[in-house]
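Enquirer: Take a look at the following structure, please.
Quick note: the coordinates plus some simple rules give every number you see, no bench work behind them. All values derive from a computational prediction rather than experimental measurement. Note that we place each Cβ from the backbone using ideal geometry, even for glycine, and neighbour counts take in every protein chain shown.
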Amino acid sequence: MGGVKIDGRGATSVPGLFAAGEVTGGLHGANRMGGNALSETVVFGARAGNSAADWAKRSGAKERRSVLRRLDERFRAFESLRRDETGLLDRIRKIMWEEGGIVRNEAGLSRALGNMRDITGSFSFSGPGNKKTLTSAQVSAIELRSAARAACLILEAAIRRVESRGSHCREDYPKRNDQQWMGHLQVCTAPYGDVWEFIAD
């Protein structure tokens, strides 16, 4: 139903990052993934694994260090949370279940998006540190910020798709609209920023 965009080898747009299974999107269109996940994971898991191994063999030590350095710099930017971590995760789940769940409408999606943006604003960040390992607070901050950002993208895409298709059910737009919405919404982010671009393909 949605997820990371990959090519036929399981490669993403991030050098050295390969993906397969339910974390990816587009292969099965608008249907739910549960009935198809096994075959997809087996086929694309093998492709992604082989491709990742080939990439590791082909890439030099300098390229691998560059990827690891960029990841390390991003991870070090997360220091702590201003709010209770468990409470934030529970709040994300509750918002997405109640407003971004199976039956959706513009009012609920907009309300959920506003609440989710409030959550993303509750994180505090520090600059890159010199520590060799991540603290548990940093790990939690990374996980929670990623969950909140993914939720925002889901909600924004659901607001934009003014039709019902597959498991995306808009009670304010109950009919399917092939003329305008036969395709995917691709979301891109600007480098080092949270500016999203939604592209219909």
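Enquirer: Taking 0.36 nm per intervening residue step and subtracting the Cα-Cα distance, what contour gain separates residue 65 from residue 27 on full extension? Walk me through the numbers before you get to the answer.
Expert: Values: separation 38, 0.36 × 38 = 13.68 nm, distance 3.20 nm.
Going from the current span to full extension adds 10.5 nm.
Enquirer: Return the sequence-ordered ³J(HN,Hα) values of the range 106-119 in whole Hz as given by the Karplus equation 6.51 cos²θ - 1.76 cosθ + 1.60 applied to θ = phi - 60°, using x for Gly and Pro.
Expert: 4, 4, x, 5, 5, 5, 5, 5, x, 5, 5, 5, 4, 5
Enquirer: Separate question: Under a 5 Å amide H to amide H cut-off, with H placed in plane at 1.01 Å, what residues pair with residue 165 once short-range neighbours are removed?
Expert: Residues meeting the amide H criterion: 170.
Enquirer: Check which residues have an amide H placed less than 5 Å from residue 24's amide H, if you skip close sequence neighbours.
Expert: Answer set, sorted by chain and number: 4.
Enquirer: Residue 56 to residue 188: extension gain in nm, 0.36 nm per residue of separation minus the Cα-Cα distance?
Expert: Extending this stretch completely gives an extra 45.0 nm.
Enquirer: How far apart, in nm, are the 7 Å Cα→Cβ label points at residue 149 and residue 106?
Expert: Those two pseudo-labels are separated by 2.9 nm.
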